[in-house]
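First the structure, in the form of structure tokens, and then the observations on it.
The values are calculated or read from the model by the stated rules, or taken from the named source; none is laboratory data. What you see is a predicted model, and the numbers here were worked out from it, not measured in a lab. In this analysis, Cβ positions are derived from the backbone assuming ideal geometry, glycine residues included, and neighbour counts consider all displayed protein chains.
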Amino acid sequence: MGAKLSGGGGGKYQIEQNSEINVTPFVDIMLVLLIIFMVAAPLATVSVEVALPKAVAKPAQNPPKPVYISIQQDGDVFIGDFRTSVGEMGAELQKQLPNRNPADERIFIRADQQTRYGDFMQVMNALQDNGFYSVALVGEDANEQ
């Protein structure tokens with residue numbers, strides 16, 4: 001049998017509890033933050049005073065919703081999500097873009113990679129015949145595959 005050599009009463013495995021809080025890490029963090037703010041505060045202040053004029057410019061308008069023309073492999077043409085024909089495409093675009101100059105509009109063309117060149121050129125010619133001269137071709141990013 002073993003005898004207890006030190007400590008007061010209590011059980012054989014009783015450990016004395018430490019009720020003190022170690023604040024050293026907290027103080028270290030606070031000192032680092034204090035130094036950061038002491039260095040950053042002078043950088044944030046402006047040393048040259050200037051009397052700036054009031055801004056009177058109108059806020060910029062949001063750009064208009066882009067118009068997409070899609071050409072499928074079999075030659076079907078879509079404006080947005082709606083099917084159309086090459087002959088009706090100009091009138092349909094004029095309906096979608098009322099009160100806007102066709103020469104100022106950018107039309108985005110999405111064509112299937114197997115689309116015939118003749119079908120693509122019919123769409124391009126129809127756009128030019130109706131005054132839409134700014135055309136952008138949409139392709140898939142090679143890095144996304």
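Scanning segment 14-30 for residues that are of a type in the set (S, T, N, Q), under 46 Å from the mean Cα position of the chain (by Cα) and either on the phi > 0 side of the Ramachandran plot or not in a helix (DSSP H, G or I) (or both) yields a count of 1. If you go through segment 16-34, how many residues are at pLDDT below 85 and either aliphatic (A, V, I, L, M) or in contact with a helix residue (DSSP H, G or I) (Cβ under 9 Å, 6 or more places away or on another chain) (or both)? The qualifying residues number 1.
One residue stands out among those in segment 103-115 that are charged (D, E, K, R) and either assigned to a strand (DSSP E or B) or farther than 19 Å from E140 by Cβ (or both): the one that is modelled with the highest pLDDT, which is R110.
Would you confirm whether or not segment 111-123 contains a residue that is hydroxyl-bearing (S, T, Y) and surrounded by 11 or more Cβ atoms within 10 Å (Cβ to Cβ)? Yes, there is a match, as at least one residue in segment 111-123 is hydroxyl-bearing (S, T, Y) and surrounded by 11 or more Cβ atoms within 10 Å (Cβ to Cβ). Can you find a residue that is more than 29 Å from the chain's Cα centre (by Cα) and more than 19 Å from P64 (Cα to Cα) anywhere in segment 98-112? For segment 98-112, residues more than 29 Å from the chain's Cα centre (by Cα) and more than 19 Å from P64 (Cα to Cα): absent. Among the residues of segment 116-145 satisfying the criterion of being under 28 Å from the mean Cα position of the chain (by Cα) and assigned to a loop (DSSP other than H, G, I, E, B), which is farthest from P64 (Cα to Cα)? The extreme case among them is Q145.
Checking each residue in segment 115-144 for being of a type in the set (S, T, N, Q) and farther than 22 Å from A91 by Cβ picks out T115, N143.
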